[in-house]
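Here the structure is laid out as structure tokens; the discussion comes afterwards.
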Amino acid sequence: MINKKVNNVEEALQGIKSGMTFMLGGFGLCGIPENAIAELVKLNVRELTCISNNAGVDDFGLGLLLQNKQIKKMISSYVGENDEFERQMLSGELEVELTPQGTLAEKCRAAQAGFPAFYTPAGYGTEVAEGKETREFDGKMYVLEPAFKADFAFVKAWKGDAAGNLIFKGTARNFNPNMCGAATITVAEVEELVPVGQLDPNNVHIPGIFVQRIFQGKNYEKRIEQRTVRQRS
Amino acid sequence: MLDKNGIAKRIAQEVQDGFYVNLGIGIPTLVANYVRDDIEVEFQSENGVLGMGPFPFEGEEDADIINAGKQTITTMPGASFFDSSMSFAMIRGKHVHLTILGAMEVAENGDIANWKIPGKMVKGMGGAMDLVASAENIIVAMMHTNKRGESKILKKCSLPLTGVGCVTKVVTNLAVLEVKNNQFYLLERAPGVSVEEIQNATEGTLIVDGEIPEMIL
């Protein structure tokens, strides 16, 4: 077993510098690396490029880094839930690269899997494709999209072990598995770090080979963005 | 004339037994409420769930189980969770049979615009560009005209596009339209709406062939 376990979030984020590019898992506030984000705020690293489907809300998730003006550029598919984001974007303080959601996921996966680029039909004929190479396959047009390059990927899983194996829960999985191994260093935080041998290899979602550092996360808030319920009849 | 629920009710008739369906945010979400209960359908949400169920009972919400609108949901027996890349493999790979989404504008060549209004805060396209570029069967749920009474069923979209030549059917508060051969074909009228009213509300080329039946809801 190759040990990936580090003792805490401080150790897990060693080597973080201003100007770096990060991938951060999560969809809305679901499955975000809460501990890593809190530590990034503490480290006060600046001029960051963040690849993440969304940009958090004003007082949580990536919104915390935005409040602190640590982010220079966001690469996301949807950023609608955050007033501070809107303010910084409209004032030109924040650069935003909007990317179709499936393309965003695949640009992560391509980096993970060693593909420099791929063709996708998404965005063809729209402003997303402007300046990009296009090509026809079987009568349909596609856009060439390059893989992402990032220094760190921060992911959150439900369970993991010291070997770096990960299991996700529900829709908190989302972009997290696609970002594992897609950056130079992948840092996984887990709700429950279990002893090696306890995870059934049949049930592992992400093998430890894609993870460089893993730690037991703490104090998860797991906020709900839209609490929708039905009445008991 | 139909309200939002009426549009959803009519679109639900397009959902067939054995379909995997992706529902967009807004009117499309309501479609799930009106699908016949004697057929088997699975709803996909692009954040990574197939076999979506209704909202949870109060007290049973799980922060880890949400839909693409970030709402808490439940899952049906036989449901599955997966990552974002696999979710869009289902969409791009045409494994999802039907996509239902909203639009700001639709054009007679099948173009759709639904993500950006110049000069306004742009929130992003989310998964809409992937969905419209890939699905073979795209139904748009929308109002026929905007608040000023201007047609949203156009010769050419004026807003930045989400996708080109992709829309196959449009269900509005006034009509059901099929999009083919660079024209809109009027298939059905909403209850109490005349062909003339639909013609007046449609800027794009509208083909009216024979008697146009009223929708049966």
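List of remarks:
- Hits in the stretch B:64-78 (condition: within 10 Å of another protein chain (Cβ to nearest Cβ) and either touching a residue at least 60 places away in the same chain (Cβ under 8 Å) or open to solvent by 20 Å² or more (accessible area, probe 1.4 Å) (or both)): B:65, B:69, B:71, B:74, B:75
- Failed item in (1) without any contact (Cβ under 8 Å) to a residue 12 or more places away in the chain; (2) of a type in the set (D, E, K, R); (3) surrounded by 13 or more Cβ atoms within 10 Å (Cβ to Cβ), with residue A:200 passing the rest: (3)
- Output for the stretch A:87-109, where each listed residue is open to solvent by 60 Å² or more (accessible area, probe 1.4 Å) and in a helix (DSSP H, G or I): A:87, A:90, A:109
Residue by residue, here is whether (1) more than 10 Å from every other protein chain (Cβ to nearest Cβ); (2) surrounded by fewer than 24 Cβ atoms within 10 Å (Cβ to Cβ); (3) under 16 Å from residue A:169 (Cβ atoms) holds:
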residue: B:39; (1), (2), (3): yes, yes, no
residue: B:42; (1), (2), (3): yes, yes, no
residue: B:47; (1), (2), (3): no, no, yes
residue: B:61; (1), (2), (3): no, yes, yes
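- The set of residues in the stretch A:202-216 being within 14 Å of chain B (Cβ to nearest Cβ) and either assigned to a strand (DSSP E or B) or under 17 Å from residue A:26 (Cα atoms) (or both) consists of A:205, A:206.
- Options B:159, B:154: the member that is crowded, with 20+ Cβ neighbours inside 10 Å and over 30 Å from residue A:25 (Cβ atoms): B:154
- Number of the exception - residue B:143 against (1) touching a residue at least 40 places away in the same chain (Cβ under 8 Å); (2) within 18 Å of the chain's Cα centre (by Cα); (3) surrounded by fewer than 24 Cβ atoms within 10 Å (Cβ to Cβ); (4) under 25 Å from residue B:43 (Cβ atoms): (1)
- Among the residues of the stretch A:128-156, those identified as more than 11 Å from chain B (Cβ to nearest Cβ), small (Gly, Ala, Ser) and surrounded by 14 or more Cβ atoms within 10 Å (Cβ to Cβ) are A:147, A:150, A:153.
- Strands (runs of 3 or more DSSP E) fully within the stretch A:117-200 counting 2 or more residues that are within 13 Å of the chain's Cα centre (by Cα): A:152-160, A:185-193
- Any hit, the stretch B:101-117, residues being aliphatic (A, V, I, L, M) and farther than 27 Å from residue A:127 by Cα: no
- Residue check, residue A:60 touching a residue at least 40 places away in the same chain (Cβ under 8 Å), over 18 Å from residue B:89 (Cα atoms) and open to solvent by 10 Å² or more (accessible area, probe 1.4 Å): yes
- Residue A:57 out of contact with any strand residue (DSSP E or B) (no Cβ under 8 Å at 6 or more places or on another chain), farther than 14 Å from residue B:122 by Cβ and within 14 Å of another protein chain (Cβ to nearest Cβ): yes
- Number of positions in the stretch B:5-22 that are surrounded by 15 or more Cβ atoms within 10 Å (Cβ to Cβ) and either under 21 Å from residue B:190 (Cβ atoms) or touching an Asp or Glu at 6+ places or on another chain (Cβ under 6 Å) (or both): 11
The values are calculated or read from the model by the stated rules, or taken from the named source; none is laboratory data. Predicted, not measured: the structure shown is a model, and the values here were computed from it. Note that each Cβ is placed from the backbone with ideal geometry, even for glycine, and that neighbours are counted across all protein chains shown. To get the accessible areas, we keep the full protein, side chains included, count just its heavy atoms, and leave off ligands, DNA and RNA. Shrake-Rupley method; radii C 1.70, N 1.55, O 1.52, S 1.80 Å.
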